[in-house]
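Since the structure comes first, as structure tokens, the remarks are kept for the end.
The values are calculated or read from the model by the stated rules, or taken from the named source; none is laboratory data. Here the structure is a predicted model, which is why all the values come from computation and not from measurement. FYI the Cβ positions are ideal-geometry reconstructions off the backbone, even for glycines, and counts take in every protein chain you see. The area values use the complete protein model at the heavy-atom level, side chains included, leaving out ligands, DNA and RNA. Shrake-Rupley method; radii C 1.70, N 1.55, O 1.52, S 1.80 Å.
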Amino acid sequence: MKKIYYRRELAPIIDELKESNKTIGFVPTMGALHEGHISLIARAVEECDFVVCCIFVNPKQFNNAGDLKNYPRLPEKDTLLLENANCNMAFFPAVEEVYPENYIPVELDLGILESVYEGKYRPGHFDGVVQVLNRLFELVKPTHAYFGLKDIQQCMVVETLQRAYHPNTTIVNCDTLRESNGLAMSSRNLRLTPEENDKAPLFAKALKGICDAKANIPLKGAIDNAIAELESRGFVIDYIDVAKAKTLESINNWNSEDELVVVGAVFLGEVRLIDNMQF
Ligand code: AMP
């Protein structure tokens with residue numbers, strides 16, 4: 001596997017792949033890789049001639065300085081995992097490689113995605129996601145880019161960016177990988193204390209409880225029960241809600257014909273967990 005740090009090393013490799021009409025699969029990550037990330041790499045390896053994984057903790061998408069500082073960084077372990085997964089290239093750019101001095105931020109109207117759920121609770125987060133992915137897509141020129149549905153709102157942001165600026169890249173959204181206890185895998189889980197780690201699966205269980213309540217309990221009651229149960233176990237809730245899965249418009253009762261998604265973001269101590277389930 002090639003390890004690349006600079007744009008000037010990357011560009012000739014990408015040019016050569018393009019000249020020989022190879023497909024380029026791209027998996028952007030912030031590192032501290034787990035099986036969820038590796039499932040994206042595996043899918044890309046299966047579908048593309050050449051797979052690039054980027055590991056870049058993007059300062060622009062953090063609205064909390066402590067979260068950025070404490071974000072786990074494990075480049076050696078990540079390298080081994082990527083080699084074992086048959087990834088072709090790991091790209092570890094520094095901030096100035098991604099955002100050079102003359103960098104002009106891209107403008108994109110995200111509609112309601114900017115003001116609901118993650119957009120509401122992490123102001124500026126999705127603008128940071130748009131900026132970094134736009135730059136990385138310009139550098140890597142992927143034919144296919146792979147994202148996790150664990151971050152369903154991010155998947156919708158990426159699709160908006162793709163339609164506006166990168167129509168030649170196919171976006172592939174992949175299912176969420178979970179621990180056997182139901183907890184969605186996440187790099188941030190590494191920061192849970194052993195006690196928090198024992199409690200964390202209750203979050204996925206509460207979301208599943210809302211899905212299972214459909215048709216038995218009124219929607220608001222099902223959400224309130226889940227919130228009350230989690231709060232009683234020490235979780236602090238940013239949001240738990242049910243929305244249309246295609247648009248993330250919140251719904252008020254179960255009478256919707258649309259495919260639905262239960263979405264949530266909670267704190268356990270210092271660590272913020274997000275998850276969602278479509279049903
Ligand atoms: P991150 O490093 O957290 O920015 O994640 C990089 C990519 O991996 C994003 O597209 C995430 O949605 C995806 N991802 C994160 N956790 C999981 C998971 N448990 N299962 C599948 N994909 C995931």
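General remarks:
- Taking each residue of region 95-117 that is closer than 30 Å to LEU10 by Cα and looking for partners that are surrounded by fewer than 17 Cβ atoms within 10 Å (Cβ to Cβ) and modelled with pLDDT under 95 with beta-carbon atoms closer than 8 Å, six or more apart or interchain, yields VAL95/PRO59.
- Conditions (1) surrounded by fewer than 20 Cβ atoms within 10 Å (Cβ to Cβ); (2) away from the ligand (no atom under 15 Å from the Cβ); (3) among the small types (Gly, Ala, Ser); number of the one not met by GLY119: (1)
- Count - residues of region 76-103 that are of a type outside the set (A, V, I, L, M), out of contact with any Phe, Trp or Tyr (no Cβ under 6 Å at 6 or more places or on another chain) and within 22 Å of GLY36 (Cβ to Cβ): 9
- Pick from region 138-149, criterion in a helix (DSSP H, G or I) and out of contact with any Leu (no Cβ under 8 Å at 6 or more places or on another chain), ranking: nearest to VAL262 (Cα to Cα): LEU149
- Scanning region 245-266 for residues that are at pLDDT 95 or above and either of a type in the set (S, T, N, Q) or open to solvent by less than 60 Å² (accessible area, probe 1.4 Å) (or both) yields ALA245, THR247, LEU248, SER250, ILE251, LEU260, VAL261, VAL262, VAL263, GLY264, ALA265, VAL266.
- Any hit, region 173-187, residues being more than 12 Å from the ligand (Cβ to nearest atom) and touching a strand residue (DSSP E or B) at 6+ places or on another chain (Cβ under 9 Å): no
- In region 153-166, the condition of being open to solvent by 80 Å² or more (accessible area, probe 1.4 Å), closer than 28 Å to GLU46 by Cβ and within 16 Å of the ligand (Cβ to nearest atom) is met by no residue.
- All told, ASP224 meets the bar of being free of Cβ contacts under 8 Å to residues at least 12 places away in the same chain, acidic (Asp, Glu) and either surrounded by fewer than 16 Cβ atoms within 10 Å (Cβ to Cβ) or closer than 22 Å to PHE279 by Cβ (or both).
- Counting the residues of region 119-139 that are of a type in the set (Asp, Glu) and over 16 Å from LEU68 (Cβ atoms) gives 1.
- Within region 16-56, the set of residues being part of a loop (DSSP other than H, G, I, E, B), within 11 Å of the ligand (Cβ to nearest atom), open to solvent by less than 30 Å² (accessible area, probe 1.4 Å) and not aromatic (Phe, Trp, Tyr) comprises GLY31, ALA32, LEU33.
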